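Have a look at the structure below, then the notes.
The values are calculated or read from the model by the stated rules, or taken from the named source; none is laboratory data. Owing to the predicted nature of the structure, the values given are computational and were not obtained by experimental measurement. Here Cβ is always computed from backbone atoms with ideal geometry, including for glycine, and neighbour counts include all displayed protein chains. All accessible areas refer to the heavy atoms of the entire protein, side chains included, with ligands and DNA or RNA removed. Shrake-Rupley method; radii C 1.70, N 1.55, O 1.52, S 1.80 Å.
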Amino acid sequence: MANVAFIGLGNMGGPMAVNLVKAGHQVCVYDLSAQAVIDVVEHGASTAVSAQECVKDAEFIISMLPAGKHVASVYLGENGLINHIQAGSLVIDSSTIDAQTSIVVGSTLKEQGIEFIDAPVSGGVGGATAGTLSFMVGGSVENFNRAKSVLDNMGKNIFHAGEHGAGQVAKVCNNMLLSVLMAGTAEALQLGIANGLDPKVLSNIMSKSSGSNWTLDVYNPCPDVMENVPSSNDYQGGFMVDLMAKDLGLAMDTAVTSQSSTPMGSLARSLYAMHASAGNGGKDFSSIFNLFNKESKE
Ligand code: NAD
């Protein structure tokens, strides 16, 4: 079992850290939110007065932070962790951030002898809690194999996407597709409801037909079709609209850089930006369902 430091204990990081504790690792956790720390310490993790203190004896340092600016500042900013992590340790950044920031952070750490992989995840809070996340890893084969000893305790599918930064590219491709599937599923369900169909019946039909997709199977956006999903809990918890809007911005930046055409992704980005600016940024991303609600516009 390994000495692990875990930084960022939000909707995703909290349950991921708990799974490492359950697997028997020595886990020191840190978050700016004292409550987030308490919630994981209750499951057997230790904590320290600062992130710097947490990482100093760790063989693996895992971060699960909101965006690239947080990752850059935690590792390379004033009193950054770069000056506190032991040479030879492996940093696993599982935050979804732009590949360029990830490459800068990783190569700067490497100059100090600290290893790095980008390892963003898919699977949502449900996957983080159940330990069934998919990890998309960018980095050397050696570091990928080394990281598997801890990633296996948090996920079911651990993919090596390619060199450093490739994990982040795979992640934005996946989330761009997810946003399109969610928006499409939401408008199809609203179309059915507007024409007298029961959303439970329609969901069941589509999930067994050619419209089947992940959102219909495990994350239905219509309230009360499924239990234990954000739509049945007033769109609380889960994956925030603001984070999906961020990921779609990253996808668009990636498309511009590679001169790729992404019309469906562009439309989804506009829909999510509009939904966020209407005051829904803190809700789960399945709340896009309400954008197509015919009743609310009459
Ligand atoms: P979150 O906002 O719930 O959690 C982020 C945590 O980071 C917060 O607890 C915050 O206090 C902490 N934090 C911020 N700055 C910090 C700092 N300097 N030091 C220590 N802690 C700090 O976000 P989340 O939903 O857990 O998502 C985290 C990352 O995972 C994001 O990049 C997101 O895009 C990605 N992601 C989220 C989901 C999901 O379903 N929520 C799914 C896949 C990927």
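Couple of notes before you dig in:
- Residue-wise HN-Hα coupling along region 260-267, computed from phi with Karplus coefficients 6.51, -1.76, 1.60 (Hz; x: Gly, Pro): 9, 8, 9, x, 5, x, 5, 5
- Amide H contacts of I158: F135, each under 5 Å away and 5 or more positions distant or on a separate chain (H built 1.01 Å from N in the peptide plane; Pro and chain starts excluded).
- Sparsely packed loop sites in region 204-298 (the trypsin sites (Lys or Arg not before Pro) outside DSSP H, G, I, E and B with at most 15 other Cβ atoms within 10 Å) comprise K208.
- Alpha carbon centroid spacing (whole Å) that separates region 228-246 from region 88-108: 26
- Converting phi to 3J(HN,Hα) with the Karplus coefficients 6.51, -1.76 and 1.60 and the offset θ = phi - 60°, region 190-199 yields 5, 4, x, 4, 5, 10, x, 7, 7, x Hz in sequence order, with x at every glycine or proline.
- Accessible surface of the chain [probe 1.4 Å, protein heavy atoms]: carbon and sulfur percent: 54
- For region 143-155, 3J(HN,Hα) per residue [Karplus equation, 6.51 cos²θ - 1.76 cosθ + 1.60, θ = phi - 60°, Hz, x = Gly/Pro]: 5, 4, 5, 5, 5, 4, 5, 9, 5, 4, 7, 10, x
- Under 15 Å from the Cα of K56 - aspartates and glutamates, other chains or at least 8 residues apart: E115
- When the pairs K110/K148; K69/K110; K22/K208; K22/K148; K22/K156 are compared against a 25 Å limit on Cα-Cα distance, K22/K208 fall above it.
- Estimated inter-spin distance, Q52 and V256, nm [label 7 Å along Cα→Cβ]: 3.6
- Bridge type composition, the chain - antiparallel percent by DSSP, nearest 5: 15
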